[in-house]
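Structure first, then comments.
No value in this document is a laboratory result; all are computed from the given coordinates. In this text, all values refer to a predicted model and were calculated from it rather than measured experimentally. Glycine also receives a Cβ, built like all others from the backbone with ideal geometry; neighbour counts cover every protein chain displayed.
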Amino acid sequence: MSESILRRNPRQEWILRNRLHPQHQALLHQQASSEPIEWIGPQGVKRKAPHRVGFIGPKGIRRIDRSGGQQGSASDASRQAATASMSKPLHCIENPKHRILVVPDMTGGRLTSQDKDLLGLAHQLAALQDATSVVALIWGEHKETQLAEAGVDELIQVDDPQCLGFSPDQSLAWLLAVEREYQPSYWLFPDSGLGGGDLGRRLAVELDVHAATGLWQIHPSGDGVQCVCRASASTQDLTRPLPRVVMALAECAEPISDTLHAVNQLTLAAEPVQPIVRIQDLGSVAVDPASVSLAEAEFILSGGNGVKDWDGFHETARVLGATEGASRVAVDDGFMPRDRQVGATGTWVTARVYFAVGISGAIQHLQGIQSCDKVICINTDPGCDMVKRSDLAVIGDASDILTALRRKVSDLKQEKRHVA
Amino acid sequence: MSLNQAPRVAVLLSVGQHPVTRRPRRADQDARALELALNQPNTDVVPIHVGQASSETEVALRSYLGMGVSQIDHLEVSTTREDILPSLAQHLKQLNVQVVLCGTRAETGEGSGLVPYLLAKKLGWPIVSGLASIESIASGSMTFLQALPRGQRRRVKVSLPAVVAVDPASPPARQSAFGPAQRGDIQLVPSTSMDAEITDAESDRQVWQYQVAKKRPKRLKIIKATSARDRFKAAAAKADASGGKVLQEISADSAAEEIIKLLKEEGVLSTNSSS
Ligand SMILES: Cc1cc2nc3c(=O)[nH]c(=O)nc-3n(C[C@H](O)[C@H](O)[C@H](O)COP(=O)(O)OP(=O)(O)OC[C@H]3O[C@@H](n4cnc5c(N)ncnc54)[C@H](O)[C@@H]3O)c2cc1C
């Protein structure tokens, strides 16, 4: 019963009215977090306390922050984010009649943007038939946490160690096993060099389908689906009926953004028979990272005005096996050649991992690294923009940390050689 | 093939098209394939073209001849729609070829990049694409480097006979010289295949339409926000903290540990190379 007895606290009310009182802010916060702004009254009517909404800004004007982050606590914001993702409708197909198979490239164990576009395309096709689920086929382990958001209804994970390297015959055998078991209505591959492009063509030839390659658009029409593909070295567009096997370019469709998907695991009843191995993967060859062009390097170590020890910097790049990049200041000062400049007036890089040492993160520089996946930085200034952009930021002196890094990596290599 | 006999490498040459002037020329990737074959010591290089005879074909084939080959076998087909594979496969078998080199995609026509795969299926040989440079052609197997994205290379061994498609990352072809181009010989080989009738696939292809390539629409940044505040924020946003980890007041050693951990997770740090 005690909570139904309303007791006023005149002193507290006075402090709440007097915004110059030293305890005003603290009390306001306390109130806001303890007492709700909205509640359902005894008659079942929603009640609001408008005086408790918002806070008084420095100029004495009430400010209302509708993001919900006003109460200030981080847990609130994260709860909001969680509910936001939960509130996406779940797209669930109980007993799929048809299946569309997508074989993403999963570069570095994550869906590439082309893979996501491809899943979007698969859903466009799935919408044309009833009860069609989109199945992703993934080789081995992956690091992707967003499969549900990207539109994977069902997942086939092939745990065959032989498929991890380059073993097209083995991979093809798995695809054919999937074909036999599930009879997908479409096979979608990213049309990318040696990944999906190669495997897709092998499958198409094996299934005796004249595949669509370089597809970039589909038009559902009355009696089927037409597709538009790039032909003749991208100088012509070919419009043709959509075949069963498709290799699509990047941006062929919008990725899925507003539904969640179930990601049910599918299994294969029968493992494929071992094909004769005629193609052997003898492992990757060490290439000189300096010979790789900056635009297509996978791992870039980039130095800026904060690098004092340039010999150490070059040595680190060699030990890590990274391609070297630089900010404009480092180039202008003559420490690095012009073709190594990253940014708006230099090269737009696509590295998966970008390691920025002593770079402040000017907007012209950040533009150049827009498409980088993971950014690491070393900087003495915790407030600079590069730290905000980074996935891992180390605050400290660049020379010391690079020296430690060189020593540790060399130690690792030594160990490895002793073990081997 | 006996051990001391030079391996025979066939190179498939097609008629290319200059990207700007649309004039016939040697196809870039096919020329690279020929370049790789010509640079291989102790090999018997057989350049082959399949197609209709015309003045454009002649121009293109002459520019291959200008690279220093004395003769090109031209397998003639009667119509553009005739399937080139049966006669090509037969010719390759007759010649007792060990390796067939070709480009990845043609510069004219559909340019789907399916021909090497179809040819390999027809011959029952393995096919590998992405050839960047040949290391060795020994009896029974060929070792080469395969071009991976981002300038990486992989060593691959394939058992012969095989079809190998050349990657655009392979070394560029030499210039074509005028004199040898005029002196070279284009040997017409009449088509031997019997089945010149139009297949099912051919009649399907009648409904295909080619147009000049349209510029692809640029993707717009679509902001799906439920409230005006979110839309405004998205429009006016500056990249704010991405929720990354910030390590402050940490020793250089442990910072290095953390960095190495991330690099290993991403798989960009190879600890097995010697240095
Ligand atoms: C039209 C135009 C185009 C431009 N185009 C480009 C471009 O393409 N690319 C580009 O890079 N820039 C470009 N710039 C320049 C850009 O605006 C910045 O001036 C430049 O990027 C800054 O380089 P920086 O980060 O290396 O140097 P600074 O801004 O001087 O940053 C140095 C950083 O190093 C840190 N630091 C200092 N000492 C240490 C230490 N011992 N250890 C660790 N960290 C340390 C500092 O905290 C600081 O954050 C352009 C500018 C203009 C006007």
In degrees from 0 to 90, rounded to the nearest 10, what is the angle of the helix A:113-126 Cα long axis to the longest principal axis of chain A? 80 degrees
Using +1 at the C-beta of Lys and Arg and -1 at the C-beta of Asp and Glu, which of A:Val245, A:Gly195, A:Leu27 has the Cα lying farthest in the positive direction of the dipole of chain A? A:Leu27
Would you tell me the mean number of C-beta atoms belonging to other protein chains that fall within 10 Å of each C-beta in B:218-227, as a whole number? 1
Mind jotting down the distance between the C-alpha centroids of segment B:1-54 and segment A:311-351, whole Å? 39 Å
What residue among A:Pro168, A:Pro58, A:Pro190 shows peak mean-square fluctuation when chain A is described by a Gaussian network model with Cα springs under 10 Å? A:Pro58
Could you tell me the ratio Rg/Rh of the protein assembly as shown? Both radii from Cα atoms, Rh via Kirkwood. 1.05
What is the spin-label model distance, in nm, from B:Ala228 to A:Trp14 if the labels are put 7 Å beyond Cα along the C-beta direction? 4.1 nm
Convex hull volume per residue in cubic angstrom - Cα atoms of segment A:198-243: 76 Å³
Helix-only estimate, please: 222 nm mean residue ellipticity of chain B, summing -39500 (n - 2.57) across DSSP H runs of length 4 or more and dividing by its residues, to the nearest 500. -8000 deg cm²/dmol
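Roughly how crowded by other chains is peptide A:223-232, in terms of the mean Cβ count from those chains within 10 Å of each of its Cβ atoms?
Working: counts 0, 0, 0, 2, 0, 5, 4, 4, 11, 13.
Across the residues of A:223-232, the mean count of other-chain Cβ atoms within 10 Å is 4.
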How far is it, in nm, from the label point at A:Asn264 to the one at A:Leu282 when both lie 7 Å from their Cα along the line to the Cβ? 4.7 nm
Between A:Val419 and A:Arg318, the FRET efficiency computed from the C-beta separation at R0 = 22 Å comes out, to the nearest 0.05, as 0.45
Cα-centred dipole magnitude for the protein assembly as shown, charges only on beta-carbon of K, R (+1) and D, E (-1), debye, nearest 20: 2720 debye
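What does the charge count around B:Val156 come to, taking other residues whose C-beta lies under 14 Å from its C-beta (Lys +1, Arg +1, Asp -1, Glu -1)?
So the environment of B:Val156 carries a net charge of 0.
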Please find, in a Gaussian network model of chain A (springs between Cα atoms separated by less than 10 Å), the residue of A:Gly196, A:Gly151, A:Gly361 whose mean-square fluctuation is greatest. A:Gly361
